[in-house]
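Note sheet for the following structure.
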Amino acid sequence: MRITHVVVTDAFAGVEAHVARLARAQADAGHDVAVVGGAAASMSGAAGDAVELRPGTTVAEARRSLAEGARPDVVHAHMTAAETAACLWAPVLARRVPLVVTRHFALVRGRSLAGRAVAHVIRRTVAAQIAISRYTRERIDGPSEVIVAGVEERPHPRVSALRSPVVLVASRLEPEKHVDAGVRAFAASGLAIAGWRLRIAGSGSLEVATKELVARFGLDRAVDLLGHRSDVAALMADASIFLAPTPGEHFGLSVLEAMASGVPVVADGSGGHVESLGRAGGPGLYATGDADDAGRRLRALAEDPALRDRYGAALQARQRAEFSLAHQAAATERVYRDVLP
């Protein structure tokens, strides 16, 4: 099958990583796969050599890439700009090439006047819609099939005795990610006094504000702001606890990556976190927005290495059983085959 993914951005964050990994898994399964859009260097590294990459940082550029490339059997668009670009290409608009879309955010499409006009065309054209979580499906417009993301398997985790006393946060420093909640949780845990560190891997517009908050809690010597890192997998392999403080997270790839690494996860008990962690047992989900509850859970894990080992192993087993790339690719292929002529 010839598949073309479209994601109209010049970045590489959660959505782009989702697209690149799915494209790679589909290519590994024997399909002819192309990706339009995303930061070229990062997309290439994540998608692999078997996936063709084409430019698509604007709607117009993405539409040209669709028109100039080999005609696919199916176009798979991610986010509204990509959906718009696909609908501007005649074979999709005329439904000669089916359009499948993945909804990555728990928001109704078309919240502005212009957006509503575009949304009307997209809704008429879409052949099938995928939601990345049940949480997302319940909050978007139109019927959707839930297909959760998958991540690559990672080696069996190090035991607690070989890990550093580190709580790791991996997130962009942007308002919607609520990294400040992670700082407050670490402060509430009192772990700094016990020699633990909080490491925050990520960059963004709130870097200065985050530094100021760390200073306000007197945690300057216990918190490392690492900036953007390309070695998050290695940081996870070394950390003792992973903290995911975003409330209402649509799903959260970083949580799946931590699970794959066998790292105990403490997460805000809302959104997609309930789906990724909810059935794994353990002390993972804290009352949403409650820094004191989060702090207590961090401390309970920090003080019990055996609990960390059991919980981390359970999370890794759950990732391998339910959140694999092979499972995601196979479920997505079934959606494609349902809409092909």
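Values in this text are rule-based calculations from the coordinates and carry no lab data. Remember, predicted model here, so these are calculated numbers, not experimental data. Neighbour counts run over all protein chains shown; Cβ positions are idealised from the backbone, glycine included.
Assorted remarks:
- Cα gyration tensor, region 1-158 - rounded (a/c under 1.5), prolate or oblate: oblate
- Between 187, 117, 300, the Gaussian network model of the chain with springs among Cα atoms under 10 angstrom shows the greatest mean-square fluctuation at 117.
- Förster radius 45 Å - calculated FRET efficiency between residue 338 and residue 220, Cβ distance, rounded to 0.05: 0.20
- Mean ellipticity per residue at 222 nm, deg cm²/dmol - from DSSP H runs of n ≥ 4 across the chain, formula -39500 (n - 2.57): -12500 deg cm²/dmol
- Distance between modelled label sites at residue 117 and residue 40, nm, 7 Å Cα→Cβ extension: 3.3
- Cα pair count fraction exceeding 17 Å, expressed as % - region 63-150: 45
- Comparing 287, 326, 85 in a Gaussian network model of the chain where C-alpha atoms under 10 Å apart are linked, the largest mean-square fluctuation is found at 287.
- Prolate/oblate/rounded call for the chain, Cα gyration tensor, a/c under 1.5 rounded: prolate
- Between region 259-336 and region 113-143, the Cα center-to-center distance that results, in Å: 28
- Within region 1-136: Cβ-based charge dipole about Cα centre, in debye rounded to nearest 20 (Lys, Arg +1; Asp, Glu -1): 700
- Three-way shape label, region 160-322, alpha-carbon gyration tensor, a/c 1.5: rounded
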